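Colleague: Dropping the structure in here first, questions after.
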Number of protein chains: 2
Amino acid sequence: MNQRKVISLETIRVACKNCTLSSLCLPMGLVPEDVERLDDIVKRARPLHRGDFLFREGDRFRSLYVVKTGSVKTFAPSPEGGEQVLGFHLPGEIIGMDAIDKDAHACSAKVLETSAICEIPFSRLEELTCTIPSLQHQMYRLLSKEIGQDTDMLLLLGKKNAEERLAAFLLSLSQRLHKRGLSPSDFYLSMSRHEIGNYLGLAVETVSRLFTRFQEDGLMRVDRKHIQLLDLSALEALVVGSGQGRRQQQQQT
Amino acid sequence: MNQRKVISLETIRVACKNCTLSSLCLPMGLVPEDVERLDDIVKRARPLHRGDFLFREGDRFRSLYVVKTGSVKTFAPSPEGGEQVLGFHLPGEIIGMDAIDKDAHACSAKVLETSAICEIPFSRLEELTCTIPSLQHQMYRLLSKEIGQDTDMLLLLGKKNAEERLAAFLLSLSQRLHKRGLSPSDFYLSMSRHEIGNYLGLAVETVSRLFTRFQEDGLMRVDRKHIQLLDLSALEALVVGSGQGRRQQQQQT
DNA sequence: GCTGCCGGTTGATCTGGATCAAATATAAGT
DNA sequence: ACTTATATTTGATCCAGATCAACCGGCAGC
């Protein structure tokens, strides 16, 4: 038993109640007693490595997954054989909620760097949410939040130009890292330019050129995967757009 | 009391258990007894008319809404003053789930034609789902489904060209109408070309041109708002794409 | 019926960002 | 260090679809 403790890394074994992410994660707003009950059903697996899958498109749905450390991307195959990156997931973020409906995963989840992941068997969770109203509410909130984020992306893909998209992406990363106690202006990208472009509906070349341009304009510094945002407010101004977006007709219907 | 019955339209007063939509809607899969309990909390308002709002962006979140008859569009303001149409909602579809998280509506919902709407106070619903596990499951499924639909849209906006987008839109409408017992190949559009374009991330002119082209190619017949799909399988082939989508690099990451 | 307006169609032009092409930088082996 | 595979950058060109412009048809109000 002592042996087990030695082997397993501290960051993996830590219970929800001791986890620094609990305020961002499922336990948010639960009384300690209920956190304990949640803790009982969470499985903490050994760390996964770059390229490992949490699940693949088509897999039977059994569990939700929460990133504890590291990062994960989710992506869906497009019919022609390409793929659409659906999201990049940071610690505290929940993955797999889109699979509840069909009881099967419609997308795949791949680990971008060495990562610790919590697994939450959904049937167990469902039992629990029946008896813990605040946990049920939290689940509704998390599902709803995911919908909200998706609609933000729809707006981004439907109405924003390349520049605005990349600025929005950088700011989103910045803000999410900040919430996790990391620097909002100095971080490493765990995903490739390719993946960024795919996610934003842009060609790699466009992403690369924009990085260069943003750097020339003094908005940021780019060195390989290392990003420093030098002017957050200028980036924010870019996202809102100069009032033209993709310069599309701004119709009121 | 008899008087009341005379005034209120049959389609409005019909209880969930007698509603033809129950198999698509919240009551799906519930035992009759539980449907009864759900029924007790559903408010059935008088019909709304074209242009009426169910709710507006910024409104406090109180209820979910279900289209009983007619159709509704939801849309979010983009920062610059334009708007992004987020969806068109047909009978049996639930609106407002994105608002649970922030306890406020992030988008507006406007009625496209005279419509009957069921209102479900969310706090009451939450109480109910605590005691009816199958209803809770249904809620999870519905929220999850919404996420799945949004990711479908992300793929559409991120990877598909104009032709594929419009074909996908028409087929989606067709299939949803079919599920509701209506013709999958002959229907009326309750939204303008403008709204379709906005929804699909295309200019009005592009939508118009594509309608013309599809008609010339014998895929459909278009007369004003009246649509007849003549070759569903050809449209399906279009959606899948000729293997190129927006002709973007189909990278495996 | 007439008039004005709005939604829709059609044509001509323009352009952001994709595609094509090639060089360069990193990483991974061997 | 040397070869090979992969990721990123940079430059040149192309094109789908946006934008601009003009016109048309249906319908609401008078």
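Conditions tested, residue by residue: (1) touching a residue at least 40 places away in the same chain (Cβ under 8 Å); (2) open to solvent by 10 Å² or more (accessible area, probe 1.4 Å); (3) away from DNA strand D (no atom under 16 Å from the Cβ); (4) among the β-branched types (Val, Ile, Thr).
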{"residue": "A:GLU127", "(1), (2), (3), (4)": "no, yes, yes, no"}
{"residue": "A:LEU135", "(1), (2), (3), (4)": "yes, no, yes, no"}
{"residue": "A:ARG141", "(1), (2), (3), (4)": "no, yes, yes, no"}
{"residue": "A:LYS145", "(1), (2), (3), (4)": "no, yes, yes, no"}
{"residue": "A:LYS160", "(1), (2), (3), (4)": "yes, yes, no, no"}
{"residue": "A:GLU163", "(1), (2), (3), (4)": "yes, yes, no, no"}
{"residue": "A:ALA168", "(1), (2), (3), (4)": "yes, yes, yes, no"}
{"residue": "A:LEU177", "(1), (2), (3), (4)": "yes, yes, yes, no"}
{"residue": "A:GLU195", "(1), (2), (3), (4)": "yes, no, no, no"}
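Colleague: Go through segment A:56-106 and report how many residues are in contact with a Leu (Cβ under 8 Å, 6 or more places away or on another chain), part of a loop (DSSP other than H, G, I, E, B) and facing chain B (nearest Cβ under 9 Å).
Modeller: Number satisfying all stated conditions: 3.
Colleague: For the structure I just gave you, tell me whether B:THR69 is on the phi < 0 side of the Ramachandran plot, among the hydroxyl-bearing types (Ser, Thr, Tyr) and buried (at least 21 other Cβ atoms within 10 Å of the Cβ).
Modeller: The answer is no for B:THR69.
Colleague: Please determine, by comparing only the residues of segment B:107-156 that are touching a Lys or Arg at 6+ places or on another chain (Cβ under 8 Å) and within 16 Å of DNA strand C (Cβ to nearest atom), which one is farthest from B:ARG50 (Cα to Cα).
Modeller: B:LEU156
Colleague: For segment B:197-213, give me each residue that is within 12 Å of DNA strand D (Cβ to nearest atom) and open to solvent by 50 Å² or more (accessible area, probe 1.4 Å).
Modeller: Once the filter is applied, which keeps residues that are within 12 Å of DNA strand D (Cβ to nearest atom) and open to solvent by 50 Å² or more (accessible area, probe 1.4 Å), segment B:197-213 yields B:GLU205, B:SER208, B:ARG209, B:ARG213.
Colleague: Report, by residue number, each residue of segment A:79-124 that is surrounded by fewer than 19 Cβ atoms within 10 Å (Cβ to Cβ) and touching a helix residue (DSSP H, G or I) at 6+ places or on another chain (Cβ under 8 Å).
Modeller: A:PRO79, A:GLU80, A:LYS102, A:PRO121, A:ARG124
Colleague: Now a separate question. Within segment A:147-158, which residues are more than 7 Å from chain B (Cβ to nearest Cβ) and within 16 Å of DNA strand D (Cβ to nearest atom)?
Modeller: Scanning segment A:147-158 gives a single hit, A:LEU156.
Colleague: To continue, here is another question. In this structure, does B:MET191 turn out to be surrounded by fewer than 22 Cβ atoms within 10 Å (Cβ to Cβ) and of a type outside the set (Val, Ile, Thr)?
Modeller: The answer is yes for B:MET191.
Colleague: Tally time: how many residues in segment B:182-209 are near DNA strand C (Cβ under 9 Å from one of its atoms), of a type outside the set (Gly, Ala, Ser) and in contact with a helix residue (DSSP H, G or I) (Cβ under 7 Å, 6 or more places away or on another chain)?
Modeller: 6
Colleague: Considering only segment A:112-132, I want to know if a residue exists there that is more than 7 Å from chain B (Cβ to nearest Cβ), within 23 Å of A:PHE211 (Cβ to Cβ) and not hydrophobic (A, V, I, L, M, F, W, C).
Modeller: yes
Colleague: Has segment A:94-101 got at least one residue that is within 17 Å of A:ARG176 (Cβ to Cβ) and not aliphatic (A, V, I, L, M)?
Modeller: No - not one qualifying residue is present in segment A:94-101.
Colleague: Answer yes or no: is there a residue in segment A:216-229 that is of a type in the set (D, E, K, R), away from DNA strand C (no atom under 12 Å from the Cβ), open to solvent by 30 Å² or more (accessible area, probe 1.4 Å) and within 11 Å of another protein chain (Cβ to nearest Cβ).
Modeller: no
Colleague: Follow-up. Being at pLDDT below 95 and not acidic (Asp, Glu) narrows it down to one residue among A:LEU173, A:LEU238, A:LEU166; which is it?
Modeller: The conditions single out A:LEU238.
The values are calculated or read from the model by the stated rules, or taken from the named source; none is laboratory data. Note that the coordinates shown come from a computational prediction; the quantities given were computed from them, not determined experimentally. As a convention, Cβ positions derive from the backbone with ideal geometry for all residues, glycine included, and neighbour counts pool all protein chains shown. Calculation scope for accessible area: heavy atoms of the full protein, side chains included, ligands and nucleic acids excluded. Shrake-Rupley method; radii C 1.70, N 1.55, O 1.52, S 1.80 Å.
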